[in-house]
Amino acid sequence: MRRTLILFASLFLAAVVLFVLLRLLPGDPANALLGVGATDQQIAAARAQVGSDQPLYLQFTSFIANLSRLDLGTSFVSRALVLDEIGNRMSVTLPLTFLGFLVALLLAIPLGVLSAVRSDKWYGSAISVVSQLGIAIPVFWVGILLVTLFSINLRWLPSGGFPLRGWGNFGEAATGMILPALTIGLVMGASLLRYVRAATLDVLDSDYLRTARALGSSFPEALLRHGLRNGAVPVISILGIELASTFLGAVVIERVFSLPGLGSMLLLAIQQRDYPNVQGVLFISTLLVLLIGFAADIAQRLIDPRLRNKLRVEA
């Protein structure tokens, strides 16, 4: 209940910040509805339509009331419901996010454990060094390198784009997701690998692992039965941060690969001064990031009984 209250308080604070920032932008939102040479009557009608003629406190009240109903308004340009447009774009952004995150997990967990267990070997140190290099490389640059290698030189995969039928043309859509997901997974996997390695090193130095070995368990058995669960507790909180970063990275990488996701929608809305679309994308993105953090926090408490006992003692 406490975490839920914090979630709603954070969402309300984010809505306040979003409201203030959008009102600080130069110009009136009503101007986006009008062409050059609009009359005073047309300007007044447009302001009444978007509500910018009302006092700020009434605008804020209406803004919060609409958000509580997930009523994000209507696009100035397409006249479509913003929530419907976001739903269509999510069919690209969410699969890309989870595919990229899956690639990151498949790389980070085994390589992180291996680099910790074999930290005294050359390949353990090499994995750690490569992960540091992966963190330093911008995600869009990795995308450009992959396009150059797999699309231009080898011609194995498309360099970008998405079928007009979307996931109705599953084979082409899935093929178009490979390079973007691999780009995100490589960069996020390099960052996550460091945390997996650090958590595994802490487990290797723990007393309970040495006790399990002294009682006759083999090293792999002791690590799997006793080490992984304890090592997963600090990593889970990082997983929430990394999943949120993967989502934000997906929004950026969509532009590199010309994917019709939230990133393209946001950039187009900014260029067209389509305030409802800008407001809707930013709010939904904030909501998803907060929900990811909330889920990671709850999962951490479910896995670690010490956190649950601490909450009972505080209660």
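Filtered by the rule that a residue be of a type in the set (A, V, I, L, M, F, W, C) and in contact with a Pro (Cβ under 9 Å, 6 or more places away or on another chain), the range 262-283 gives a lone residue, 269. Which count do you get for residues in the range 144-157 that are over 19 Å from residue 249 (Cβ atoms) and either surrounded by fewer than 11 Cβ atoms within 10 Å (Cβ to Cβ) or within 24 Å of the chain's Cα centre (by Cα) (or both)? Going through the range 144-157 one residue at a time, the tally reaches 4. Only one of the listed residues (266, 282) is open to solvent by 50 Å² or more (accessible area, probe 1.4 Å), among the hydrophobic types (A, V, I, L, M, F, W, C), assigned to a helix (DSSP H, G or I) and within 30 Å of residue 51 (Cα to Cα). That residue is 282.
Scanning the range 235-254 turns up at least one residue that is within 25 Å of the chain's Cα centre (by Cα) and modelled with pLDDT of 80 or more.
Working carefully through the options 189, 168, find the one that is out of contact with any Ser or Thr (no Cβ under 6 Å at 6 or more places or on another chain) and either buried (at least 17 other Cβ atoms within 10 Å of the Cβ) or not small (Gly, Ala, Ser) (or both). None of the others qualify; the one that does is 189. Just one residue in the set 141, 122 is surrounded by fewer than 20 Cβ atoms within 10 Å (Cβ to Cβ), of a type in the set (A, V, I, L, M, F, W, C) and closer than 26 Å to residue 222 by Cβ; that residue is 122. Within the range 70-105, being among the charged types (D, E, K, R), modelled with pLDDT of 85 or more and open to solvent by 40 Å² or more (accessible area, probe 1.4 Å) holds for 84, 89. Of all the residues that make up the range 38-80, how many are touching a residue at least 24 places away in the same chain (Cβ under 8 Å), part of a loop (DSSP other than H, G, I, E, B) and within 26 Å of the chain's Cα centre (by Cα)? So the answer is 3.
Is it the case that residue 161 is open to solvent by less than 40 Å² (accessible area, probe 1.4 Å) and on the phi > 0 side of the Ramachandran plot?
Working: open to solvent by less than 40 Å² (accessible area, probe 1.4 Å): yes; on the phi > 0 side of the Ramachandran plot: yes.
Criteria met by residue 161.
The values are calculated or read from the model by the stated rules, or taken from the named source; none is laboratory data. These numbers were taken from a predicted model, which means no experiment stands behind them. Note: ideal-geometry Cβ built from the backbone for every residue, glycine included; neighbour counts use all protein chains shown. Remember, those area values only see protein heavy atoms, side chains included, never the ligands or the DNA or RNA. Shrake-Rupley method; radii C 1.70, N 1.55, O 1.52, S 1.80 Å.
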